[in-house]
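See structure below.
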Amino acid sequence: MNELTIKAGPSSSERKEVPSVVIRFAGDSGDGIQITGSRFTDTTALAGNDLATFPDFPAEIRAPIGTTFGVSAFQINFGSRRIETHGDVPDVLVALNPAALMVNIARLKIGGTVIVDSGTFTDRNLKKAGYVANPLEDGSLDAFSVLKIDIAKLVLEAVKEFGLSQKEGLRCKNFWVLGLVFWIYGRSRKDTVEWLNTKFAKRPEIANANIAALNAGHVFGEVSELGDGIELYSIPAADMPPGLYRTITGGEALAWGLVAGAELADLKIFFGSYPITPASPILHSLAMLKQFGVKTFQAEDEIAAICSAIGASYAGALGITSSSGPGIALKGEAIGLAISTELPLIIVNSQRAGPSTGLPTKTEQSDLYQAVYGRNADAPLVVLASRSPADCFDVAIEACRLAAKYMTPVMLLTDGYIGNAAEPWLIPTVADKKPFPVNRDIDPDTFMPFSRDPQTLARPWAVPGTPGLEHRIGGIEKEIGTGNISYEPANHQEMTDTRRNKILGIAKDIPAQVVDTGGQTGDLAVVGWGSTYGPISRAVNNKIAEGKKVSHIHLRHIWPFPENLESLLHGFEKIIVPEMNDGQLKTVLRDQYLIDAVPVNKVTGQPFKITEIEDVIDAALES
């Protein structure tokens, strides 16, 4: 067993105290970059810092080693202040090969630090990355502080006693780098050592080799002269509300929120899904929650997945399905079936860049039209949007409440950034949440499948097999009340109107829209939804600090809109709508309220930067 003595780092007086730092780890997709970032994230959370992360995956499943197509990255912004985004520009770039440097160096701030594995900068690797000359020698990195280390050589020396092959030994270099970065930022190795021993309990030689690499990187920092511009830093703990925290991703928060929502509704969960990037983590998380009565089904395709969930809802469970844009398109006809049969169904759409396959591992908000309008005929449903990883928990509960109460499908919009990113989450007490149990008290003597609750317009949720509640439903238009097949023109008109009015009436049962930051009126409102929350919030706060009359309004309920949204928007001289699409919420706002909402669009597959939002705020106020 590898022995470890956790040594104290330099005293705080020897370290430069800074309020926040942004680090970007990058390397080949086989270099363990995501594990490195995750371990640094967990350790940073234990140190008490607030944080936000951005795992940036390559689109290729296994691109040729050393090519720019295969570069994987993980960015973390952490500090002693409130952290709302993963950071505009990194202070530090860790590049484990030339391709990682080529792809990411333009992101690094001028004067920032580059840590490179110099041993990988061979002629062959430089050529594969697209370099004509070696950037470590041609002066192209003079604007940065560069720490060149032959990491591969040092890793193999650190792990040679464990009898690993060279290939297995080189797989430990991500932990060598982690040890060095732990040293620079005063982070403890203890939690990572425990994690390695647990993860590789059946392969102790692998655990011990990675621990040795971790220690070797840390020792290298202790005994080496790191070079000009390479300083040691201290980031104090953030001032956060007291309580029990854990690091959570959007996928995890969604899964737990769905379970909590079903518990509050006194329902069982059935989750029918088909794997697709970036929605698959929800399936993975729910599959591990069988102790809560969760049933998961990995179907053979998207259509089978949603139809199984609809069947579960017909049988009395809460049917849930998930996908990304291409899969949601395939589910379209079945979503219409759920609307026609008026069954509760939750559809989670983890958006990615499109159209078609598009950029499958990159983030976008381009499915809002699909959510609000994207079905044949007039087929309204509820649309919600989460704004951050932790927010997914509460939005999932709201989706469960509305689906069960109003007997309707609910589409919950998230995206690849939210789903994969992580942040500290103050674990709530579900006992404090108000239950909303489904009313199954149906009188068999008066039961009709499509009778209506006069308040909600919801039809009764009759479970098959209940004596006296025998019925059938399907996709053909139903007669008012009885649910029998009907082709009568007037009946179809009334049923269409009723389905519309049921959804629009939900506006009376959702919270009034609030102004997140700024005044209730002013010169400019920045209206956002989804994962644009962080950069908009920070940018608006910065502009308010400059004395500008700007406010931030962020929407959770996309359809129907909150009842007071129109009057709230009319209190501002100008409205801009930053979106990672070509202007979809802008169009819906113009359609509903006839207001001159001005689009601010970005479709690069990357989230907005704070400075980008600041620039458009300044431009809007000056125009």
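Only one of (1) open to solvent by 30 Å² or more (accessible area, probe 1.4 Å); (2) at pLDDT 95 or above; (3) under 30 Å from ILE76 (Cα atoms) fails for ALA396. Which number is that?
(1)
Quick check on ARG452: is it in contact with a helix residue (DSSP H, G or I) (Cβ under 9 Å, 6 or more places away or on another chain), closer than 30 Å to ARG81 by Cβ and open to solvent by 50 Å² or more (accessible area, probe 1.4 Å)?
no
Scan the range 133-159 and report the pairs whose first residue is among the aromatic types (Phe, Trp, Tyr) and whose second residue is outside any strand (DSSP E or B) and surrounded by 17 or more Cβ atoms within 10 Å (Cβ to Cβ), with Cβ atoms within less than 7 Å and a gap of 6+ or a chain change.
PHE144/LEU108; PHE144/GLY112
Could you run through the range 536-545 and say how many residues are within 29 Å of GLN351 (Cα to Cα), surrounded by fewer than 24 Cβ atoms within 10 Å (Cβ to Cβ) and in contact with a strand residue (DSSP E or B) (Cβ under 9 Å, 6 or more places away or on another chain)?
Residues in the range 536-545 being within 29 Å of GLN351 (Cα to Cα), surrounded by fewer than 24 Cβ atoms within 10 Å (Cβ to Cβ) and in contact with a strand residue (DSSP E or B) (Cβ under 9 Å, 6 or more places away or on another chain): 2 in total.
Can you go through PHE78, PHE74, PHE69 and tell me which one is surrounded by fewer than 18 Cβ atoms within 10 Å (Cβ to Cβ) and outside any loop (DSSP other than H, G, I, E, B)?
Exactly one of PHE78, PHE74, PHE69 is surrounded by fewer than 18 Cβ atoms within 10 Å (Cβ to Cβ) and outside any loop (DSSP other than H, G, I, E, B), namely PHE69.
Please go through the range 594-623 and pick out each residue that is of a type outside the set (A, V, I, L, M) and touching a His at 6+ places or on another chain (Cβ under 8 Å).
Scanning the range 594-623 gives a single hit, PRO607.
Residues are listed down the side, and each one gets a yes or a no for (1) free of Cβ contacts under 8 Å to residues at least 24 places away in the same chain; (2) part of a helix (DSSP H, G or I); (3) open to solvent by less than 10 Å² (accessible area, probe 1.4 Å):
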{"site": "ARG24", "(1), (2), (3)": "no, no, yes"}
{"site": "SER38", "(1), (2), (3)": "no, yes, no"}
{"site": "THR41", "(1), (2), (3)": "no, yes, yes"}
{"site": "VAL89", "(1), (2), (3)": "no, no, no"}
{"site": "LEU93", "(1), (2), (3)": "no, no, yes"}
{"site": "ASN104", "(1), (2), (3)": "no, yes, yes"}
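Which residues, taken from the range 153-202, are closer than 18 Å to ALA100 by Cβ and of a type in the set (Phe, Trp, Tyr)?
Those that are closer than 18 Å to ALA100 by Cβ and of a type in the set (Phe, Trp, Tyr): PHE175, TRP176.
Just give me the residues in the range 565-581 being more than 16 Å from VAL540 (Cα to Cα) and under 24 Å from the mean Cα position of the chain (by Cα), in sequence order.
MET580, ASN581
Taking only the range 487-513 into account, find how many residues are closer than 25 Å to GLN455 by Cβ and in a loop (DSSP other than H, G, I, E, B).
Matching residues across the range 487-513 total 4.
Can you pull out the helices (runs of 4 or more DSSP H) entirely within the range 234-327 that have at least 2 residues that are charged (D, E, K, R)?
250-265
Could you check the range 546-623 for helices (runs of 4 or more DSSP H) lying wholly inside it with 2 or more residues that are β-branched (Val, Ile, Thr) and surrounded by 17 or more Cβ atoms within 10 Å (Cβ to Cβ)?
584-593, 610-622
Residue-wise test of (1) among the charged types (D, E, K, R); (2) surrounded by fewer than 23 Cβ atoms within 10 Å (Cβ to Cβ).
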| position | (1), (2) |
| --- | --- |
| VAL383 | no, no |
| ALA431 | no, yes |
| ASP441 | yes, yes |
| MET448 | no, yes |
| LEU457 | no, yes |
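Spot the failing condition for VAL177; the list is (1) more than 19 Å from VAL116 (Cβ to Cβ); (2) touching a residue at least 24 places away in the same chain (Cβ under 8 Å), and only one is missed.
Every listed condition holds for VAL177 apart from (1).
Any idea which residue in the range 114-131 is surrounded by the fewest Cβ atoms within 10 Å (Cβ to Cβ), counting only those that are without any contact (Cβ under 8 Å) to a residue 60 or more places away in the chain, part of a loop (DSSP other than H, G, I, E, B) and in contact with a helix residue (DSSP H, G or I) (Cβ under 8 Å, 6 or more places away or on another chain)?
Ranking the candidates gives TYR131 first.
The values are calculated or read from the model by the stated rules, or taken from the named source; none is laboratory data. All values derive from a computational prediction rather than experimental measurement. With ideal geometry, Cβ positions are generated from the backbone for all residues, glycine too; neighbour counts draw on all protein chains shown. Note: accessible area is taken over every heavy atom of the protein model, side chains too, but ligands, DNA and RNA are not part of it. Shrake-Rupley method; radii C 1.70, N 1.55, O 1.52, S 1.80 Å.
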